[in-house]
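Read-outs throughout are calculated quantities, based only on the coordinates presented, and are distinct from any laboratory measurement. Note that this is a predicted model, so its numbers are computed, not measured. Don't worry about glycine lacking a Cβ; one is built from the backbone with ideal geometry, like all the others, and counts go over all protein chains shown.
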Amino acid sequence: MARSPLVAGNWKMNGLLASAGELQKIMAGAEKLAGVDVMVFPPATLLAGFAAAARGSRVAIGAQDCHALAAGAFTGDISAEMLKDAGAQAVIVGHSERRHYHGETDVMVRDKALAARRAGLMAIVCIGETQAERDAGHARAVLRTQLDGSLPDGTADFAVAYEPVWAIGSGLTPTPRDIADMHGFIRQFLSSRYGEAAQQTRILYGGSVKPSNAAELLTVDNVDGALIGGASLKAEEFLAIAQVYG
Ligand code: PEP
């Protein structure tokens, strides 16, 4: 069975109540894109409102992070169960900005992915090497360590997002050949750990995807969609990228 592509927009710390119009445009455009799953990950403040607005549309709403535990004395944190209750269907875990600015380790990321499973959310587990790691020839080793430590055991019921840190928000991208190489490596890893079922696991590419490079980057072998930051903030750009699979 073929994997259905997923195009996911990570709004990061951007968006106010007034941004609902952008979501409406995305919902309208997604109606014409039957061949691709579309998800928007707004900041937590907009989650419940967006989820209510998107109900019954082709757009699913997700969250950008979650706590590993279901409830407790963790000021400012939000559990996967709370996200589910607010209408989320998915959650991003282990984004490189969380790993870098919040010191999240592979073990913490795995616990968050497990929390997502517990709450009935699809986790998008992010991995990716830095420029220095790539230059030193360690990109595969870094990915292996992150995959080993960040992915939960059992079923491969998550998506993986390969996001080279140096490509995020920089305008730089790997070549299609490099992407094919890294995604092939991730697919092999998934198959050896989860068996045949891992053929259904989507591997997204993320890092400076925009309308002008989407066709080239997103049609590479083992690329099952994209996680998009900057270009997801404008409905027209986001939809133009999703159109690659439409
Ligand atoms: C991201 O942060 O997940 C991302 C891919 O950002 P950008 O598209 O802006 O590079």
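Comparing Ser208, Ser191, Ser96 in a Gaussian network model of the chain, where Cα atoms under 10 Å apart are tied by springs, the biggest mean-square fluctuation is seen for Ser191. Pairwise Cα distances in the stretch 31-70 exceed 13 Å in 56 percent of cases. Computed over the chain with a Gaussian network model linking Cα atoms closer than 10 Å, the most mobile of Leu227, Leu172, Leu218 is Leu172. With a simple spin-label model that places each label point 7 Å from the Cα along the Cα-to-Cβ direction, the separation between Glu236 and Ala71 comes to 4.7 nm. When the chain is treated as a GNM with alpha-carbon contacts under 10 Å, the residue of Leu190, Leu17, Leu204 showing the greatest mean-square fluctuation is Leu17. If you wrap the Cα atoms of the chain in a convex hull and average its projected area over all directions, you get 12.2 nm². Counting only residues 5 or more places away or on other chains, whose amide H sits under 5 Å from the amide H of Ala226 once H atoms are built in the peptide plane? Hits under the 5 Å cutoff: Leu6, Val7, Ala8, Tyr205.
Please compute the net charge surrounding Ala48, taking Lys and Arg as +1 and Asp and Glu as -1 over other residues with Cβ under 15 Å from its Cβ. Taking every other residue near Ala48 into account, the sum is 0. In bins 10 Å wide, starting from 0, what share of all Cα pairs of the stretch 207-246 does each bin hold, as a percent? Result, from short to long distances: 34, 59, 7 percent.
Taking 0.890 mPa s as the viscosity and 25 °C as the temperature, the Stokes-Einstein diffusion coefficient of the stretch 1-142 based on its alpha-carbon Kirkwood radius rounds to 152 µm²/s. Considering only C-alpha atoms, what is the centroid distance from the stretch 70-123 to the stretch 228-246, in Å? So the two Cα centres are separated by 25 Å. Between Asp221 and Ala20, full extension at 0.36 nm per residue minus the direct alpha carbon distance yields a gain of 68.9 nm. Per residue of the chain, the DSSP helices (runs of n ≥ 4 H) give a summed -39500 (n - 2.57) that works out to -12000 deg cm²/dmol at 222 nm. Counting charges near Gly154 (Lys, Arg +1; Asp, Glu -1) among other residues having Cβ under 13 Å from its Cβ returns a value of +2. The residues packed around Glu236, meaning those with a beta-carbon under 10 Å from its beta-carbon, carry a net charge of 0 if Lys and Arg are +1 and Asp and Glu are -1.
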